[in-house]
Amino acid sequence: PDQVALGPQSGFPCCHLPCTPDGTIYSYFLSLWDSLVSSNMWRRHIGQVVASSACQSCRCRGFTGALGHRGPRRASLGGGSDPAMHRIRRAGNLINVSASRLEEFLKAELSYMGKGSYSIITLEQILQHRAPEDLGQLAVLIQRELPLRFATRVRQIEDSTPEWREIPELVELHGTILTSFKRLRLVEVSPSCLEPFTEVVRDVQQRHMRNLVPMVAKAAQTLKNRQVMDDVDLNAWVGKFMNSRLGSVMLLKHYQALLTDPDKNHIGIVDLRCDPAQVCRNAIEHVRTNFGRPNLNVNLQVADQNIEFSFIAGVLFNMVVEVLLNGVRATEAAAAVASTSSAGNAPGAIDIQVCANPNQVAIGISDKGGGIPHILQERIWEYMFSTSAPHAAGDGLPSLQTHPDEHRADVTEPGMGLPLCRLYAQYLGGSFNLMTMPGVGTDAYIYLNRIDAGDATKVPAS
């Protein structure tokens, strides 16, 4: 149990390092290996490493005794007689690695990845994988890109304050992201059998879709309350999480969408016939039903009943819900103030207009809630800043925060909505802006570019 057999047929946990065209292993593992060996942590376990030898299949130079041939090598969790041991699969062979040693390697890998950088995952990259037969390539992309982001966010938490382990909100957030990192690094990607990887994707998506945004918000609020960061640093801290999360969520959703039977109107998460007017109707009904506003007064005007475009309908839905909720808060508060001088004032109506041209679709949402004070207008795009104060007991205003969690979208988290709406719009090539009239109300404008996604049967050029 204390030894790991090495040699041309042995494997090594968590290594899936590609080769450069000349066959040289990327410096990533060389640096990691140097740090492990120089620390004396592995010498008594690893033994002799066969260096400066060439792998016949991929011409890797050096460290082939530990790496074996190029390709994914993953820890197969469980299945052994000793629950403290993990089996490492390599070319059909299994070797045992103790859980403690595997954990040490993962920590070293996490530390190295957390110091690196990563590129933005664009929608164009995601849409290169258009059909169920592309799931294998998409799985490789997910396993390559997401751990880099998770490792960077773990390091961000650890660097936020030396006392981060004493802050429960940071510990919880740290544990959530670390769990996702480990699960993705330890699962094997096999194009012929994607079920284990798909299970991990579902687990990671559920954890990050439902829990991450409120967890980040709670952690940020604690950092603010403890005066660990000022407003500028806190906005940047949250922004890094949200920017990193956006591409990751898009990838995970697209993978899940490709698992279902495709139809001619969808390419993964992209709806080729997204109807913005219908999305607005769904958002209105959602707020009425799930936020306790059955009498919500909304006037929807559509310039052309046949507007359709390629877009991610779920993103648009969340944006419209967020703006509607802001309008509800503002109009209800304005009505409550007006009722003190004249009885029977009902909240004013919210107006929605939908129009389009060959390049863009535009949605305007207007309320008569009195507008945003001038001194606050520059801060509305900051994370963790909100213009709405909590309702006081007995003020007659039903809370928008007392609905079931399953009806919350990312953007409806207090202090997160407007900057997230802008982030989503910009990521998809559009824009999100506000215009406010003091004492009158606020107009929100969503401009969305049509996504050139082709059709579900179109094969992208190689």
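Numbers at a glance
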| quantity | calculated |
| --- | --- |
| Residue match in segment 367-389 (condition: modelled with pLDDT under 60 and open to solvent by 70 Å² or more (accessible area, probe 1.4 Å)) | yes |
| Of the criteria (1) assigned to a helix (DSSP H, G or I); (2) surrounded by fewer than 16 Cβ atoms within 10 Å (Cβ to Cβ), which one P294 fails | (1) |
| Where a residue in segment 215-227 is of a type in the set (S, T, N, Q) and its partner, wherever it lies, is crowded, with 19+ Cβ neighbours inside 10 Å, with Cβ under 7 Å and at least six apart | Q221/M384; T222/I167 |
| Flag if V201 is more than 17 Å from the chain's Cα centre (by Cα) and open to solvent by less than 20 Å² (accessible area, probe 1.4 Å) | no |
| Qualifying helices (runs of 4 or more DSSP H) (wholly inside segment 93-201; at least 1 residues being of a type in the set (V, I, T) and under 24 Å from L212 (Cβ atoms)) | 123-126, 135-160, 168-186 |
| Conditions (1) under 20 Å from the mean Cα position of the chain (by Cα); (2) surrounded by fewer than 18 Cβ atoms within 10 Å (Cβ to Cβ); (3) touching a residue at least 40 places away in the same chain (Cβ under 8 Å); number of the one not met by P191 | (1) |
| Residue pairs meeting the criteria (Cβ under 6 Å; at least 6 apart or on separate chains; first farther than 18 Å from M209 by Cβ, in segment 417-440; second part of a helix (DSSP H, G or I) and open to solvent by less than 20 Å² (accessible area, probe 1.4 Å)) | S431/A425; F432/C421; F432/A425 |
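The values are calculated or read from the model by the stated rules, or taken from the named source; none is laboratory data. Predicted model only: the values in this text are computed from it and were never measured. All Cβ positions, even for glycine, are placed from backbone atoms using ideal geometry, and neighbour counts span all protein chains on display. Please note that ligands, DNA and RNA were not included when accessible areas were found on the heavy atoms of the full protein model with its side chains. Shrake-Rupley method; radii C 1.70, N 1.55, O 1.52, S 1.80 Å.
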